[in-house]
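Report on the following structure.
The values are calculated or read from the model by the stated rules, or taken from the named source; none is laboratory data. Not measured: the values here are computed from a predicted model. Every residue, glycine as well, gets a Cβ built from its backbone with ideal geometry; the counts of neighbours run over all protein chains shown. The protein model used for the area step is the full one, side chains on, heavy atoms only, and it has no ligands, DNA or RNA in it. Shrake-Rupley method; radii C 1.70, N 1.55, O 1.52, S 1.80 Å.
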Amino acid sequence: MAKITYIDAGGIARPVDGEIGSTVMETAIKNGVPGIEAECGGACACSTCHVYVDEAWREKTGEPSPMEEDMLDFAFDVKPNSRLSCQIKVTEALDGLVVTTPERQA
Amino acid sequence: MRAVNEPIKTDVLIVGAGPVGLFAVFELGLLDMKAHLIDILDKPGGQCAELYPEKPIYDIPGVPYTTGHGLVEALMAQIKPFGPAFHLGEMVETIERIGEPMFRVATDSGKLFEAKVLVIAAGGGSFQPKKPPIPGIDPYEGKSVFYAVRKMDVFRDKELLIVGGGDSALDWTLNLQPIAKRLTLVHRRDDFRAAPDSVNKMRALVAQGAMDLKIGQVTALHGGEGMLTGATVKGSDGALATLACDAMLPFFGLTMKLGPVANWGLPLREGELIPVDTASFETDQPGIFAIGDINWYPGKLKLILSGFHEAALMAQKAYHYVFPDKRLVFQYTTSSTSLQKKLGVA
Ligand SMILES: Cc1cc2nc3c(=O)[nH]c(=O)nc-3n(C[C@H](O)[C@H](O)[C@H](O)COP(=O)(O)OP(=O)(O)OC[C@H]3O[C@@H](n4cnc5c(N)ncnc54)[C@H](O)[C@@H]3O)c2cc1C
Ligand code: FES
């Protein structure tokens, strides 16, 4: 298990336990965390699972792949710490991860 | 020739050409019912075609492996003998009951249909353009902010802002550049997912000074009474610039929104699903059926295979509306010569 905290656009933090091997998107959906829509179910095809990775965690989560970067073009208010949460795998190293969800996904 | 606005008459009208709408053509066709399909997408296949054409599907009965695209191709081949008519790029806006049952249906482009049976196979809703969350964008929509180009001439001699980096953004940049007064393409990064050939053409125009490219994201709009005068763009370095413009075209891909289905007087569960009876997948309105992801009944699973089953049962009941005086005989495609004739194999 890895603890993942989702902070919504209004500043409310929701810490949940993420299963190792699942994704940051799946962990949110499974736990009913609002702010992530994941219309395409994790296929990197919709960009409605956009999150901002907390600065302290950017290095550990890494950079988006070229395919993910392309899909981020369809997200709004993209920042240097933007990621698609379906493309971040939950690992032991991400225990404590903090992400913020944008005001709107679509 | 059909006069303008004379309704197209058909036995069955299917709203939505996703996998379930497509398979419905087959089940209806076996029972001699002709179908027309309408979809707002410019291609058949619904979610399979739009969201995951290249991804694998492993749970179609008897098909150990296919892809979204592969399944749509196979369904198109399977329904070919029944010659379904497709009306793509059109949104079904209104439905009206004009008989028992008989429906009149209108699309956003003004096409009219008359059908004895309506099959709503609208899936997760209609695919609609994503609207950028720029504060105060609403009053401009449809007046100077457009999510699609219906008539190019609207943009003649305009100062135009096109936003995005995909094929739609690049294609419209190349198509509208010659007629616009000035065109600026705004994209968040200096990399484009669009076809390399279009990107090269765009870069050549920029090099010639025939258009502008601005790297950044639109953060604010300026103007009044729906008419834009400018937009603020935040560059990747954080610097703000205001660009003059009198029209903007944002292209951020598509998202599924329930859309007009909500206005058809059908009860909705949790605001988005149409309850049906599981003997025939008919709604509470005789003659209107709902199959696939859009419907709800106890135990519903949003799977393609469930939608296929629903289509088969729907067709049995629809038959009685289309041919009230005929008796339906149950037959197998394996052994029935009459079914095989319809399929063109006997
Ligand atoms: C990434 C992903 C993977 C999936 N994998 C599988 C899998 O492995 N197995 C499986 O069984 N299922 C899978 N699914 C689910 C499957 O795709 C859906 O169950 C299926 O697409 C539903 O088909 P449908 O025909 O009911 O609706 P859809 O495919 O949603 O099609 C509905 C169509 O109706 C159109 N429409 C709606 N309203 C209107 C209107 N008013 N006017 C005009 N057009 C309209 C829409 O534009 C759309 O094209 C997956 C889904 C996703 C997103
Ligand atoms: S869930 Fe669609 S891109 Fe992540």
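Quick look at the numbers
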quantity: Rounded to 10°, Cα long-axis angle of helix B:304-322 versus longest principal axis of chain B; calculated: 60 degrees
quantity: Chain pair A, B: total accessible area buried, heavy atoms, 1.4 Å probe, Å²; calculated: 1800 Å²
quantity: P(r) of the stretch A:2-100 over all Cα-Cα pairs, binned every 10 Å from zero, in whole percent; calculated: 18, 56, 26, 0
quantity: Chain B: relative contact order in percent, alpha carbon pairs under 8 Å with at least 6 residues between; calculated: 19 percent
quantity: Value at 222 nm in deg cm²/dmol, rounded to 500, when DSSP H runs of n ≥ 4 in chain B each add -39,500 (n - 2.57); calculated: -6500 deg cm²/dmol
quantity: Relative contact order of the stretch B:248-346, pairs being alpha-carbon contacts under 8 Å that are 6 or more residues apart, as %; calculated: 16 percent
quantity: Reachable lysines from residue A:3, criterion Cα separation under 28 angstrom, eight or more residues apart if same chain; calculated: A:30, A:60, A:79, A:89
quantity: Solvent-accessible area per residue for the stretch B:1-85 (1.4 angstrom probe, square angstrom); calculated: 45 Å²
quantity: Cα-based convex hull volume of chain B per residue, rounded to whole Å³; calculated: 182 Å³
quantity: Listed residues B:95, B:162 arranged by accessible area, highest first, probe 1.4 Å; calculated: B:95, B:162
quantity: Alpha-carbon spread of the protein assembly as shown, three principal axes, descending order, Å; calculated: 73, 59, 39
quantity: Kirkwood estimate for the stretch B:1-72, i.e. one over the average of 1/r between Cα atoms, Å; calculated: 13.7 Å
quantity: The protein assembly as shown - charge dipole about Cα centre, Lys and Arg +1 at Cβ, Asp and Glu -1, debye rounded to 20; calculated: 920 debye
quantity: Entries in B:55/B:130; B:300/B:326; B:43/B:257; B:111/B:317; B:80/B:151 that, when Cα-Cα distance is taken, lie over 25 Å; calculated: B:300/B:326; B:111/B:317; B:80/B:151
quantity: Solvent-accessible area per residue, Å², over the stretch B:204-264 with all protein chains present [probe radius 1.4 Å]; calculated: 45 Å²
quantity: Cα centroid separation, the stretch A:34-106 to the stretch B:252-315 (Å); calculated: 32 Å
quantity: Global size of the stretch B:44-185 as Cα Rg and Dmax, reported in angstrom; calculated: 19.8, 57
quantity: Dipole magnitude (debye, nearest 20) for the stretch B:151-210, charges at Cβ of Lys, Arg, Asp, Glu; calculated: 140 debye
